[in-house]
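Here is the structure we will look at.
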Amino acid sequence: MKVDGIIFDFDGVLIESELVGNRQIATYLTGIGHPTTTEESMANFMGLAGGDFIAAVERWIGRVVPDDFHTARKAEDERVMAEGIDAVAGAIAFVRDLPGDLPIAIASSSSSRWIERHLDHIGLRARFGSMIFSGREHVARGKPAPDLYLYVAAALGIDIARAAIIEDSPVGATGAVASGAQVIGFVGGSHCAPDHGDRLRAIGVHDIATTFDEIAALLS
């Protein structure tokens, strides 16, 4: 796989936030009378943000989310913003070992504030510089549309067909495949079930990696 740059998803690829966030969602929904496991939360909501996320939750529970859902989510976000979330195994070394002149960026459904805070926590903020992009802030259509990836490739000054996108969620992978990039489905996060690779392959992802060493081998 010959590439001119790498575009990283963030949650579940560089930090272990998917497990943390979906555990909180499952606990909340169960507590209001809609029994939900962490695994079910990840299967239904992972990779979604904003209105798409709320719509998916409402479909799952069959009603409008209570007002205190937003309060609970905000409290959880502020808690982890204060404490920080640890990196996915191997992520820090992988990014630090990349050639200094290789263009890299983050394309995430999370806010820039969230991304920057946790990059500071894991010590990778400087390597990405200004190349931090949010589907909420930089494009009209976030994931699963391909728009964010196309925007990021243009910002990096590379052809999207010569970019590698590292994605873990089906929502993100859908947009990554549609963008025309070379997509690596990463299933090494603690949130990934044994069949996660099969879910990504069904979307059209050909290359699946369970570790960052395997990603490095694909790119070497």
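Details
- The one condition in (1) without any contact (Cβ under 8 Å) to a residue 40 or more places away in the chain; (2) over 16 Å from Cys192 (Cα atoms); (3) not β-branched (Val, Ile, Thr) that Asp52 fails to fulfil: (1)
- Tally of residues being under 14 Å from Ala87 (Cα atoms) and among the aliphatic types (A, V, I, L, M) across segment 98-132: 4
- Of all residues in segment 183-202, exactly one satisfies the criterion of being over 19 Å from Glu16 (Cβ atoms) and buried (at least 20 other Cβ atoms within 10 Å of the Cβ), namely Val183.
- Search result, residues across segment 125-146 that are surrounded by 18 or more Cβ atoms within 10 Å (Cβ to Cβ) and either free of Cβ contacts under 8 Å to residues at least 24 places away in the same chain or acidic (Asp, Glu) (or both): Val139
- Filter pass, Glu116 being farther than 19 Å from Val3 by Cβ, at pLDDT 95 or above and not hydrophobic (A, V, I, L, M, F, W, C): yes
- Residue satisfying all of: in segment 51-70; of a type outside the set (Lys, Arg) and outside any helix (DSSP H, G or I); surrounded by the fewest Cβ atoms within 10 Å (Cβ to Cβ) among these: Gly62
- Residue check, Val95 at pLDDT 95 or above and not in a loop (DSSP other than H, G, I, E, B): yes
The values are calculated or read from the model by the stated rules, or taken from the named source; none is laboratory data. Predicted model, so just to flag it, every value in this text is computed and none were measured. Every residue, glycine among them, receives a Cβ derived from its backbone with ideal geometry; neighbour counts consider all protein chains shown.
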